[in-house]
1. For residues that are touching a helix residue (DSSP H, G or I) at 6+ places or on another chain (Cβ under 9 Å) and of a type outside the set (A, V, I, L, M, F, W, C), scanning just the range 187-206, find the one that is farthest from residue 250 (Cα to Cα).
2. Mind telling me which of the residues 182, 167 ends up being free of Cβ contacts under 8 Å to residues at least 24 places away in the same chain and closer than 24 Å to residue 252 by Cβ?
Amino acid sequence: MPKFTRTSALSLSAAIALGGCANMAQNEWLNQENVGTLAGAAVGILVGSQIGNGSGRTAAMIAGALAGGMLGKTIGATLDQRDREALAAQTQQALDFSQDGQSTTWTSSHSGATAQITPVSTETQSREVTVKRRAQVQAVPKMTLLNKPYQAIKSANVRSAPSTDAGKVGGLAPGSTFTAIGRTDNDWIMVGRKGVSVGYVYAPLVQPTSPAQVTSTSSSAPPQEAATDLDSLDVASAKQQGFDLDSMNVVDDKVTAQTSCRTVNYSVSAKGSQESQTVKACQAADGAWELI
């Protein structure tokens with residue numbers, strides 16, 4: 001499969017936009033709003049690839065495409081392709097960091113368009129989400145999404161199921177960091193590596209941490225006890241610690257998850273007109289936000 005790069009993303013979205021304009025007169029479906037949806041989805045892939053670096057990068061690209069497509073559909077008549085891309089990225093930032101009632105102002109770098117993005121309410125909803133896991137890791141019927149960096153407090157076994165009776169599939173050295181995909185009902189944390197569940201660790205053995213505290217392998221520590229970030233492991237280290245993804249089958253599961261959903265107000269000014277939109281966004285299993 002050819003690699004999907006930033007350049008190819010831009011080329012794809014440009015081709016969609018130009019192709020749509022050339023044929024608009026021949027097909028009434030290809031109006032500006034619908035062309036905006038297609039182009040918005042294409043540039044959303046690019047946005048997602050930038051916000052999903054590391055864990056869940058590929059999944060975040062897909063979620064970014066959904067967000068870009070929705071923005072293109074709702075406000076495609078007033079914003080061009082570059083503006084939709086920038087507004088989608090700003091929306092992801094606002095949903096991650098803004099409190100309810102706190103407005104974020106976005107200004108186009110080239111067209112003069114502006115927007116205010118205001119999350120107005122936040123709730124927890126039960127939704128079906130897709131979670132990727134190694135085939136040897138047991139699925140769980142439901143969980144609470146976390147999508148946060150975690151760190152091992154002490155040496156901890158990573159098991160194939162959320163139980164001390166389950167087989168060991170890997171281990172975490174003290175200080176090792178990883179993305180916690182979710183928490184099970186019986187207090188186990190789903191351990192993620194590059195967006196894939198590689199097992200479960202007992203919650204009292206790990207704790208939330210900030211991205212700035214993520215540590216790299218210490219050259220002074222013995223290899224078996226070296227603190228690492230799971231997403232940064234090279235192939236040899238991943239195999240040694242039981243987290244190699246290349247040699248394992250990866251499957252998709254539909255899981256009922258408790259996830260955060262936010263209602264967002266947009267006030268957009270572009271091309272001499274102003275419009276308002278209200279949308280709802282929910283967090284996906286990879287941490288990206290999807291407009292629904």
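Every read-out reported here was derived from the displayed coordinates using simple, explicitly stated rules and does not represent laboratory data. Keep in mind it's a predicted model, so treat the numbers as computed, not measured. No Cβ is skipped: glycine too gets one built from the backbone with ideal geometry, and neighbour counts run over all protein chains shown.
1. Checking each candidate, the answer is 187.
2. 167
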